[in-house]
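J.: Structure below; questions to follow.
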Amino acid sequence: MLKNDVFYEKSIAEGTLRVISIEDEFNLLLTDNDFDSPTQWKKDVSSNFIQFHFCLSECVKFLFNNGNYTISLPSEKALLLYNPNQELPIHVEVESGTRMVSVLISIKKFHSLFTNEADYIPFLSEENKHKKYYSEHPIAPGLSIVLSQLFTANLNENIRPLYFKAKAYELLSLYLNKTEETNTERCPFLVDEDNVDKIRKAKDLIIANMANPPGLEELSDAVGLSLKKLKVGFKQLYGDTVFNFLLDYKLDYAQKLLDSQEYNVAEVGAKIGYTSSSHFIEAFRKKFGITPKKYLQAKIEA
């Protein structure tokens, strides 16, 4: 079974696994390995739990039977696992740069959400409810927005439990929605998978060059997408403008560099592209409510 604290966070090796209890028998797991080496983590899960795994970037390898059988989940793919006949512990190998969101919910809890619509969900049907069920699908653009927001949202500590609860339910709803590609009606550019691939390439480019990112026009030329489509599509896919997305990413990365205690404040600021320490300090304080110097001191003293 999983730990059912209101908010529980644990670092594993060089990656981080955050286990968030949404409700009893309903948990959200955030995996973020933003360092140079791969890592592994394990979690015992009861056979009465359904597992939804969403890989946003890089790749995750699921290991079964002591590694004798594996399933690789690449970027922008979702995996559903359910086997009521045996325990299905999670044992994953997480590549460097991987972000993954997992939802673990008991079949009893899940079934209660669809009491009158069991036939709508394939593995809840009378025919399948006692059988194992595995399924892999691409992550729809609308779903990508919600998944990204789980990592980028800057929240007051008192609001976080409510926010994660709302996002967990929204995530399930969008994943199970079979009628249309969610949110594409708000952004016709995202109906075209080629546009989505180009926007994701733009995201990868600004992250790879975070210290000296290309301007918007240069970025649109690099990915072969008009400036308008890049701006509108990026906000729909990642929930923010290119600039704000990159700023959040850079500051989150700066926090991880400070956590390593290998760099001073000026070095961290320079690594993420700040030529002025005062500008870095102000941006960090605005996002995290503390100056990087005080944050680093707290880490050293802990």
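Quick note: the coordinates plus some simple rules give every number you see, no bench work behind them. In this text, all values refer to a predicted model and were calculated from it rather than measured experimentally. Reconstructed Cβ throughout: ideal geometry from the backbone, glycine too, with neighbour counts over all protein chains shown.
J.: Out of the GluC sites (Glu not before Pro) in the range 216-302, which ones are loop residues according to DSSP with at most 12 other C-beta atoms within 10 Å?
T.: Here the sparse-neighbourhood loop sites are Glu262.
J.: Turning to a different aspect of this structure: Length gain on complete extension for the stretch Asn48 to Ser96, per 0.36 nm per residue less the alpha carbon to alpha carbon distance?
T.: Value of the extension gain: 14.2 nm.
J.: Next question. Let me check I've understood the local charge: for Leu73, count other residues with C-beta under 14 angstrom from its C-beta, Lys and Arg +1, Asp and Glu -1. What total comes out?
T.: Numbers: positive: Lys61, Lys77, Arg99; negative: Glu58, Glu76, Glu93, Glu95, Glu136.
Computed value for this residue: -2.
J.: Moving to a separate point now. I'd like the FRET efficiency for Asp197 and Phe151, computed as 1/(1 + (r/R0)^6) with the beta carbon distance as r and R0 of 35 Å, rounded to 0.05.
T.: 0.95
J.: Quick check: residue separation of Ala211 and Leu113 times 0.36 nm, minus the Cα distance between them. What number comes out in nm? All intermediate terms of the calculation are to be shown ahead of the outcome.
T.: Values: separation 98, 0.36 × 98 = 35.28 nm, distance 4.57 nm.
Fully extending the segment from Ala211 to Leu113 adds 30.7 nm.
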